[in-house]
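Every number in this text was worked out from the coordinates using simple rules, so none of it is lab data. The shown structure was predicted, so the numbers you read here are calculated from the model rather than taken from an experiment. In this analysis, Cβ positions are derived from the backbone assuming ideal geometry, glycine residues included, and neighbour counts consider all displayed protein chains.
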C-alpha cells in the first residue's frame, strides 16, 4: 500500500452520557436553525438539547423526512434565511444531519443547490454547524456528504470538505430505548461503512484502514447487546463510537457497491437505508470475493475472533456468514420480497443502480447492469 495519501478527520468530538446538554457552548451568538424530524420532537428526544439553548433564538425545522428531498432542503434554507440564522444544528438520524449539512452550506455560501451535486462542487463557506446523532449508524456527523432524493426517487450526493461539521456530539442517552429494528438496521449500516472503506478500490489508506477495522470490531461486539438490552448505556455508547469511526473512515476511503445497490431500494421503495444495505451486503460481498478475499479474511477476525485460526478462504467466507448471522439475530428481514420488491422491479432497480457512478467506481470488482440484475435477483 502506498504511503502517499491525504486524510481528513472531520469535526471535533464531544462524547459522553448527557453531553447534548452542552450544545449551547459550541454555538456562536445569534439565531440557531435546529434541524430535526417530527418523530424526534414528539418523543421528546430533543428536549434536553433545546433546553440547553436557553435564551438563544431558536428556529425549529422538523419537517425532515426519511430519504430527504431537495425540496425539503430548499424549505429549510428559506426558514433559516427568514430568521437570519447564525448557526445550524442537525439533530437526529442521517436524514436531519444530511439536510443540516446542505442547509448550513447553502445559507453560508449563497450557492444554488442544483450547482453543488457531485464531488468537490461546494467550494464556498458554510455557517457554523453542530451535528448530534440519535442513531448509531449513518456516521453522517463525521462525513462531508449529504445524500438527497431528487426527481422521481433518484439519490444524489453533495460531497465536499465544506460540509464537515465544526462539532459532533456523541450522547449515548439519546439512543437509549431505540426500537430493536432501528438499532439493528443502523448498526449494520455502520458495519457496511467500515467494510466498504477497508476494501474501497479508490483512496484506501493506512489511517482509514485502522479506523475501519476498529469500527467493525466495536460494532460487531456490541450490536447484539444493544438490540437485546436497549437501555445498556455502555453498548449504546460503543455503537455510537463505532458508527463515528466508520464515518471518518469512509469519508476518506469511499463506500462502493453495497451502497450503490442499496440506494435505489430507499429512493424507490422507501426501505430504510441500513436495512437496504443489510439486504444487499452478502450478495455484493460474494461478487467481490475474487478481488477482495484477502481483505475480507482480515476483517473476519474483527467480526468473529473464533475465525482467526482458519485459512484465508475460510475466513473470508466466515465473514459473510457472520454478517448474515448478525442480521438474522437482530431480526432484520433477509429478502427483498419481505420489503415489497418483486421480480418485476429488478430492471428498474438495476437502471437506478447504474446511476450511482460515484459509488460504483470504488467497488473492488466492476458491477455492470447485468451484474446488478443478478445481485438483485439473488436477494429476492
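For segment 185-266, the percent of C-alpha pairs falling in each 10 Å distance bin, counted from 0 to the bin holding the largest distance, reads 22, 47, 26, 5. Between residue 69 and residue 233, residue separation times 0.36 nm minus the direct Cα-Cα distance comes to 55.7 nm. As a length-normalised measure over Cα pairs under 8 Å and 6 or more apart, the relative contact order of segment 179-379 settles at 27 percent. Seen against the Cα atoms of the chain and their longest principal axis, helix 70-83 is set at about 20 degrees. Restricted to Cα atoms, segment 90-181 shows a radius of gyration and a Dmax of 13.5, 41 angstrom. Each peptide in 174-180, 310-316, 263-269, 338-344 was scored by the mean count of other Cβ atoms within 10 Å over its residues; highest first, the order is 263-269, 174-180, 310-316, 338-344. Histogrammed with a bin width of 10 Å, the alpha carbon distances of the chain distribute as 5, 26, 35, 25, 8, 1, 0 percent, first bin at zero. Taking all Cα pairs closer than 8 Å and separated by 6 or more residues, the relative contact order of segment 26-138 comes to 31 percent. Distance between the pseudo-spin-label points of residue 221 and residue 9 (7 Å out from Cα toward the beta carbon): 2.2 nm. How big is the shadow of the Cα convex hull of segment 179-379, averaged over all directions, in nm²? With the hull built on Cα positions only, its mean projection is 10.0 nm². Can you pull a Stokes-Einstein diffusion coefficient for segment 270-351 at 10 °C (1.306 mPa s), Rh from Kirkwood over Cα pairs, as a whole number of µm²/s? Rounded to a whole number, D works out at 114 µm²/s.
Beta carbons within 10 angstrom, averaged per residue: use that to sort the peptides 98-108, 351-361, highest first. Please report the intermediate quantities before stating the final value.
Numbers: 98-108: 28.3, 351-361: 18.4.
Result, highest mean first: 98-108, 351-361.
A helix-only calculation puts the chain at -16500 deg cm²/dmol for mean residue ellipticity at 222 nm, using -39500 (n - 2.57) for each DSSP H run of at least four residues, averaged over all residues.
Calculate the tail of P(r) for segment 12-174: the fraction of all Cα-Cα distances greater than 29 Å, expressed in %.
More than 29 Å apart: 9 percent of the Cα pairs in segment 12-174.
Contact order, relative form, for the chain: 16 percent (alpha carbon pairs under 8 Å, 6 or more residues apart, mean separation divided by residue count).
Between 0 and 90 degrees, the angle of helix 312-329 with respect to the longest Cα principal axis of the chain falls at about 50 degrees.
Cβ crowding within 10 Å ranks 76, 227 as 227, 76, fewest other Cβ atoms first.
Shown for 244, 283: other C-beta atoms within 10 Å of each C-beta, ranked fewest to most, produce the order 283, 244. Take each peptide in 64-74, 162-172, count the other Cβ atoms within 10 Å of every residue, and average; sorted highest first, the result is 162-172, 64-74.
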